[in-house]
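J.: The structure under discussion is supplied below as structure tokens; questions concerning it will follow.
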Amino acid sequence: MNHYAEYTIKWVTLPWERQQAFALRQRVFCQEQGLFVGDDRDDIDSEARLLVALGSVAGWHDEVVGTVRIHQPEPGIWVGSRLAVDSAYRRQGQLGPTLIRLAVCSAHALGCQAFYAQVQHQNEPLFRRMHWQTLDWLDLRGVRHARMQADLAFYPPCHDPHSGMVIHTATRQRTAALPTFLTGVA
């Protein structure tokens, strides 16, 4: 069940967003998946751009429900990693793909010539649907990963990643739940 009517996907701009993104990664990669002991942070975090999906209430950002990081290890080459969505929001369905889209589109605006990611095997079909190509397979921390590359032709440059993108969720009420004076049905 969605807790928010909308989500904002953007680059981190405030300290609380960064803190909650790291806490979410710790829950997903350390506690839930057991890939790391204690913390998943590494040297890449000091140079990476961190993106977040924020649940919003009445236009106010409330909490980080998804995150991914991107970095440029060499000019023109970008890498995405540590994509995580809170388990309570995974069924929402748009958060991971929108984080991926903003990651690649914002790197594209910064001169990206190639964008790569190492994707856990269960997520490889999602990336393929999003115009990524599997280059090869490898095992990382005991988990099968696809090394993948984005087709930049499907990711137009996003020149304002700090504002990001907004996802509106479908919030329908059943007619039966509405008062009879609104529906005209007794």
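J.: Counting only residues 5 or more places away or on other chains, whose amide H sits under 5 Å from the amide H of Leu83 once H atoms are built in the peptide plane?
T.: Arg69
J.: Using a 1.4 Å probe and counting only protein heavy atoms, arrange Asp62, Asp86 so the residue with the most accessible area comes first.
T.: Highest to lowest solvent-accessible surface, that is Asp62, Asp86.
J.: With the Cα gyration tensor of the stretch 116-166 giving a ≥ b ≥ c as the square roots of its eigenvalues, does the rule (a/c under 1.5 for rounded; else a/b larger than b/c for prolate; else oblate) give rounded, prolate or oblate?
T.: Taking the square roots of the gyration eigenvalues as a ≥ b ≥ c, the stretch 116-166 is prolate.
J.: What does the accessible area per residue of the stretch 1-56 come to in Å², with a 1.4 Å probe and no ligands, DNA or RNA counted?
T.: Counting only protein heavy atoms, the per-residue value for the stretch 1-56 is 50 Å².
J.: Under the √(5λ) rule applied to the eigenvalues of the Cα gyration tensor, what semi-axes describe the equivalent ellipsoid of the stretch 1-52? Give them in Å, descending.
T.: The answer is 21, 17, 8 Å, longest axis first.
J.: Now for a different question. If I compute solvent accessible area with a 1.4 Å probe over the protein chains, what percent of it on the chain is carbon and sulfur?
T.: 51 percent
J.: Report, as a whole number in µm² per second, the diffusion coefficient that Stokes-Einstein gives for the chain at 10 °C and 1.306 mPa s using the Kirkwood radius over alpha carbon pairs.
T.: Rounded to a whole number, D works out at 90 µm²/s.
J.: Right, next: Using a Gaussian network for the chain with springs between C-alpha atoms less than 10 Å apart, which of these wobbles most: Asp43, Asp151, Asp139?
T.: Among Asp43, Asp151, Asp139, the largest mean-square fluctuation in the Gaussian network model of the chain belongs to Asp43.
J.: Restricting to bridges with both residues inside the chain, how much of the DSSP beta-bridge set is antiparallel, in percent to the nearest 5?
T.: Percent antiparallel among DSSP bridges in the chain is about 90.
J.: On C-alpha positions alone, give me the angle between the axis of helix 15-25 and the longest principal axis of the chain, in degrees, nearest 10.
T.: 80 degrees
J.: Still on this structure: Would you compute, from DSSP H runs of 4+ residues alone, the mean residue ellipticity of the chain at 222 nm, taking -39500 (n - 2.57) per run and dividing by the full residue count, rounded to the nearest 500?
T.: Only helices count here, giving -5500 deg cm²/dmol.
J.: Residues with beta-carbon under 11 Å from that of Val57, excluding Val57: net charge, scoring Lys, Arg +1 and Asp, Glu -1?
T.: Combined, the nearby Lys, Arg, Asp and Glu give -3.
J.: Points 7 angstrom from Cα along the Cβ direction at Arg90 and Val143: gap in nanometres?
T.: 1.0 nm
J.: Pop a pseudo-label 7 angstrom from the Cα along the beta-carbon direction at both Asp62 and Gln19 and give the gap in nm to one decimal.
T.: With each label point 7 Å from Cα toward Cβ, the separation is 1.9 nm.
J.: Suppose R0 equals 25 Å. What FRET efficiency, 1/(1 + (r/R0)^6) with r the Cβ-Cβ distance, do Asp45 and Asn123 give to the nearest 0.05?
T.: E between Asp45 and Asn123, to the nearest 0.05, is 0.75.
J.: Report, in degrees rounded to the nearest 10, the 0 to 90 angle that the Cα long axis of helix 95-109 makes with the longest principal axis of the chain.
T.: 50 degrees
J.: Another question, then. Using R₀ = 35 Å, calculate the FRET efficiency as 1/(1 + (r/R₀)^6) where r is the Cβ-Cβ separation of Asp151 and Val37; round to 0.05.
T.: 0.45
J.: Further question: So what are the ³J(HN,Hα) numbers for the stretch 129-137, from phi and the Karplus equation (6.51, -1.76, 1.60; θ = phi - 60°), rounded to whole Hz, Gly and Pro as x?
T.: Per residue, the Karplus-derived 3J(HN,Hα) values read 4, 9, 6, 10, 10, 7, 8, 6, 10 Hz.
The values are calculated or read from the model by the stated rules, or taken from the named source; none is laboratory data. Note that this is a predicted model, so its numbers are computed, not measured. As a convention, Cβ positions derive from the backbone with ideal geometry for all residues, glycine included, and neighbour counts pool all protein chains shown. We work out accessible area using only protein heavy atoms, side chains counted, and drop any ligands, DNA or RNA first. Shrake-Rupley method; radii C 1.70, N 1.55, O 1.52, S 1.80 Å.
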